[in-house]
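Enquirer: My questions all concern the structure below.
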Amino acid sequence: MIINKPRNIKSLDRCIYGKGTFDQLDEILSFKRKDNGFVVFLLDDYFNGKELENRIPLKNQDILIRISAADEPTTDLIDEVVVKCKKHSSSLPVAMIGIGGGSVMDVCKAASLMVTNPGYSFEYQGLDLIKNPGVYSIVIPTISGTGAEVSMTAVLTGPVKKLGIKCDFTVPDQVLLDSELIYSVPKEQRFYTGMDCFIHGIEAIDGRHINEFARGFAEKSLDLCREVFLNSKISRELADEKLMVASYMGGLSLTYSQVGVCHALSYGLSYVLHTHHGIANCIVFNVLEDYYSDGVKEFHEMLRINNISLPKNYTKGLSEAEMSKMVETSYALDHMWDHAIGANWKEIITKDKIRALFERM
Ligand code: NAD
Ligand code: ZN
C-alpha cells in the first residue's frame, strides 16, 4: 500500500569504503582544488593533538575549525561556523569536510548549506525549506551508527525545537568510510551510537511507511548490528567494518521509512535534559517492550553481552514544567507517531501514556 507519493530520492554522488582510505582525501579533493578556493575542515576536537590531525590534507588557504561534540549541535553553532568562513574569505569555500561523529557530520551538512542561504539556520529547521544548494560537502564518520553520513537531514537543536534541516540539498556529496577511524571510540559510546543504528532498523521496519526498498536496507543493517553486538567472539576490527556498513544502510532505510516511538520520546528527553542521542535512545528503548517486544528483548541481550549498564531513575526529580515540556516535545512529533502507530495515533497515544513511559526511565 502506498501511503504518500514516493519521494524521488537524492543519493550521495560518491562513496569510498576501506581501511586507510582517509589518506586518499587529498586526491579526492583535487578536482575541487582546481576551482582555486579554500577548503573548510571541521574536526571533532577529540582529535586535538592526535595522529589523525597531521593526516588532514590542509593547504595554505584552508581553514580548520575544531568542533566540540560535548553538546549536540545547535543552530547557534552553525551560524558561528558560517561567520568564521565569511570572515576568512569573501568568496565561498570550494568544499566543506566534516570529520567526526553524527554531531560534526551534521554541523558540516548544515553549515555547507548556510554559507549559500541567507538568514539564520533556525529558520530552516523543517522539511524542504532550503532554497539554494550548499557548497560541496564531504563527511567522514569517526563513530558509526547514526547514519548521518548518508541521510537527508542535519539534526539541530534550535531556540524552540530539536529538528533537522531536511531536504535533498542536505545529502552530502561524498562520504569516506574508513573503519580505522572508529577504532578509538570507547566501549560505551560505541554501544550507544551503535544502538541508534539498531533502533533505526527496528523502527523503520515496524511502521506503516516501510516499503520493500527501505526494508532491504533495514534488514541488512539489523543483521550486521546483530553480528556486531550479539557475538562476543567477533574481533573489534571486523566488528568495526560491519558497524560502519550497518550505519550507512540504516541511514538509507530511513530515506523511505521513518523512526518511531523511541525517537519521538528520545527527542523529548534530549530537548529537556540535553541527553545525547545515542544514550537517550537506549534509556527510552529499554522501556518500550509494549511497542517493540522482540527488538527490546534483543536489546537487553546486547546490553548483557556488551556489559553495559544504563543509568537508572533518569527522570526522577524532574519538575512538573520539565516533565510537561518533555511530553509536549514528544507528542508534537506527529510524523513519528503516525508511522509507528497509524494515522489515528491520537486515539491510542495520550499525553498521560507518554508521561508514564518517561516516569519509568
Ligand atoms: P557524537 O558525534 O555526538 O560524538 C560522541 C562523542 O564521541 C564525542 O565526545 C566525540 O568527541 C567522541 N568521538 C568522536 N569520534 C571519536 C573517536 N573516533 N574516538 C573517540 N571518541 C570519539 O556521536 P554520534 O552518536 O555519532 O552522533 C550523535 C549526533 O548525531 C546527535 O547530535 C544526533 O542528533 C545526530 N544524529 C543525526 C542523524 C542524521 O540523520 N543526521 C541521525 C541520528 C543522529
Ligand atoms: Zn537516531
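The values are calculated or read from the model by the stated rules, or taken from the named source; none is laboratory data. Bear in mind that the values here come from a model prediction, so they are computed numbers and not experimental data. Virtual Cβ from ideal backbone geometry, glycine too; neighbours counted across all protein chains shown. Just so you know, the surface numbers come from the protein's heavy atoms only, side chains and all, with ligands and any DNA or RNA stripped out. Shrake-Rupley method; radii C 1.70, N 1.55, O 1.52, S 1.80 Å.
Enquirer: Could you list all residues from segment 282-330 that are of a type in the set (Ser, Thr, Tyr) and open to solvent by 60 Å² or more (accessible area, probe 1.4 Å)? Reasoning before the result, please.
Expert: So in segment 282-330, the residues of a type in the set (Ser, Thr, Tyr) come out as 291-293, 309, 314-315, 319, 324, 329-330.
Passing the criteria: TYR291, SER309, TYR314.
Enquirer: While we're looking at this one, here's another question. Given the residues LEU176, LEU181, which is the only one that is near ligand 1 (Cβ under 9 Å from one of its atoms), touching a residue at least 12 places away in the same chain (Cβ under 8 Å) and farther than 22 Å from ASN281 by Cβ? Explain how you work it out, then say what you get.
Expert: Details: LEU176 fails: near ligand 1 (Cβ under 9 Å from one of its atoms).
Exactly one of LEU176, LEU181 is near ligand 1 (Cβ under 9 Å from one of its atoms), touching a residue at least 12 places away in the same chain (Cβ under 8 Å) and farther than 22 Å from ASN281 by Cβ, namely LEU181.
Enquirer: Return a yes/no flag: does segment 170-186 have any residue that is within 27 Å of GLY18 (Cβ to Cβ) and among the aromatic types (Phe, Trp, Tyr).
Expert: Our first condition is that a residue be within 27 Å of GLY18 (Cβ to Cβ); within segment 170-186, this holds for 170-186.
With among the aromatic types (Phe, Trp, Tyr) added as a condition, the list becomes 183.
Within segment 170-186, one or more residues are within 27 Å of GLY18 (Cβ to Cβ) and among the aromatic types (Phe, Trp, Tyr).
Enquirer: Does segment 3-23 contain at least one residue that is out of contact with any strand residue (DSSP E or B) (no Cβ under 6 Å at 6 or more places or on another chain), at pLDDT below 95 and farther than 24 Å from LEU252 by Cα?
Expert: No, because not a single residue in segment 3-23 is out of contact with any strand residue (DSSP E or B) (no Cβ under 6 Å at 6 or more places or on another chain), at pLDDT below 95 and farther than 24 Å from LEU252 by Cα.
Enquirer: In addition: Take the conditions among the hydroxyl-bearing types (Ser, Thr, Tyr) and surrounded by fewer than 20 Cβ atoms within 10 Å (Cβ to Cβ) and apply them to TYR120. Does it pass? Break it down into steps so the answer makes sense when it comes.
Expert: Details: among the hydroxyl-bearing types (Ser, Thr, Tyr): yes; surrounded by fewer than 20 Cβ atoms within 10 Å (Cβ to Cβ): yes.
Here the answer is yes, as TYR120 does meet what is asked.
Enquirer: On to the next question. Could you check, for segment 205-224, whether at least one of its residues is near ligand 1 (Cβ under 10 Å from one of its atoms) and touching a Gly at 6+ places or on another chain (Cβ under 7 Å)? Step through it out loud before you land on a result.
Expert: First, the residues of segment 205-224 that are near ligand 1 (Cβ under 10 Å from one of its atoms): none.
Scanning segment 205-224, I find no residue that is near ligand 1 (Cβ under 10 Å from one of its atoms) and touching a Gly at 6+ places or on another chain (Cβ under 7 Å), so the answer is no.
Enquirer: Which residues, counting only those in segment 184-199, are open to solvent by less than 10 Å² (accessible area, probe 1.4 Å) and within 8 Å of ligand 1 (Cβ to nearest atom)? If you could, list the steps in order and put the result at the bottom.
Expert: Going residue by residue through segment 184-199, those that are open to solvent by less than 10 Å² (accessible area, probe 1.4 Å) are 191, 194-199.
Passing the criteria: only ASP196.
Every residue, every condition in (1) free of Cβ contacts under 8 Å to residues at least 60 places away in the same chain; (2) away from ligand 1 (no atom under 12 Å from the Cβ); (3) within 20 Å of ASP196 (Cα to Cα); (4) touching a Gly at 6+ places or on another chain (Cβ under 6 Å), yes or no:
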residue: PRO133; (1), (2), (3), (4): yes, yes, no, no
residue: THR142; (1), (2), (3), (4): no, no, yes, yes
residue: THR146; (1), (2), (3), (4): no, no, yes, yes
residue: MET152; (1), (2), (3), (4): no, no, yes, no
residue: THR157; (1), (2), (3), (4): no, no, yes, no
residue: VAL160; (1), (2), (3), (4): yes, yes, no, no
residue: LEU163; (1), (2), (3), (4): yes, no, yes, no
residue: CYS167; (1), (2), (3), (4): yes, yes, no, no
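Enquirer: Hey, which of the helices (runs of 4 or more DSSP H) in segment 270-361, taking only ones fully inside, have at least 1 residues that are within 21 Å of the chain's Cα centre (by Cα) and touching a residue at least 40 places away in the same chain (Cβ under 8 Å)? Before you say what the answer is, go through the steps one by one.
Expert: Details: elements: 277-285, 293-305, 320-331, 334-340, 345-348, 351-359.
Those helices (runs of 4 or more DSSP H) span 277-285, 293-305, 320-331, 334-340.
Enquirer: Has segment 208-218 got any residue that is modelled with pLDDT under 95, closer than 21 Å to VAL155 by Cβ and open to solvent by 10 Å² or more (accessible area, probe 1.4 Å)?
Expert: Yes - at least one qualifying residue is present in segment 208-218.
Enquirer: Of the numbered conditions (1) within 12 Å of ligand 2 (Cβ to nearest atom); (2) in contact (Cβ under 8 Å) with a residue 24 or more places away in the chain, TYR256 satisfies every one except a single condition; which is it?
Expert: Looking at each condition in turn, TYR256 falls short on (1).
Enquirer: Based on this model, can you work out whether LYS86 counts as among the charged types (D, E, K, R) and within 13 Å of ligand 1 (Cβ to nearest atom)? Break it down into steps so the answer makes sense when it comes.
Expert: Working: among the charged types (D, E, K, R): yes; within 13 Å of ligand 1 (Cβ to nearest atom): no.
Here the answer is no, as LYS86 does not meet what is asked.
Enquirer: Moving on. In the list LEU269, LEU333, which residue meets the criterion of being within 13 Å of ligand 2 (Cβ to nearest atom), closer than 25 Å to ILE9 by Cβ and open to solvent by less than 30 Å² (accessible area, probe 1.4 Å)?
Expert: On the way: LEU269 fails: closer than 25 Å to ILE9 by Cβ.
Checking each option against the conditions leaves just LEU333.
Enquirer: Yes or no: segment 143-153 includes at least one residue that is surrounded by fewer than 24 Cβ atoms within 10 Å (Cβ to Cβ) and closer than 14 Å to ILE78 by Cβ.
Expert: yes
Enquirer: Residue under question is LYS109, and the condition is that it be exposed (fewer than 15 other Cβ atoms within 10 Å of the Cβ) and charged (D, E, K, R); does it hold?
Expert: On the way: exposed (fewer than 15 other Cβ atoms within 10 Å of the Cβ): no; charged (D, E, K, R): yes.
So LYS109 fails the test.
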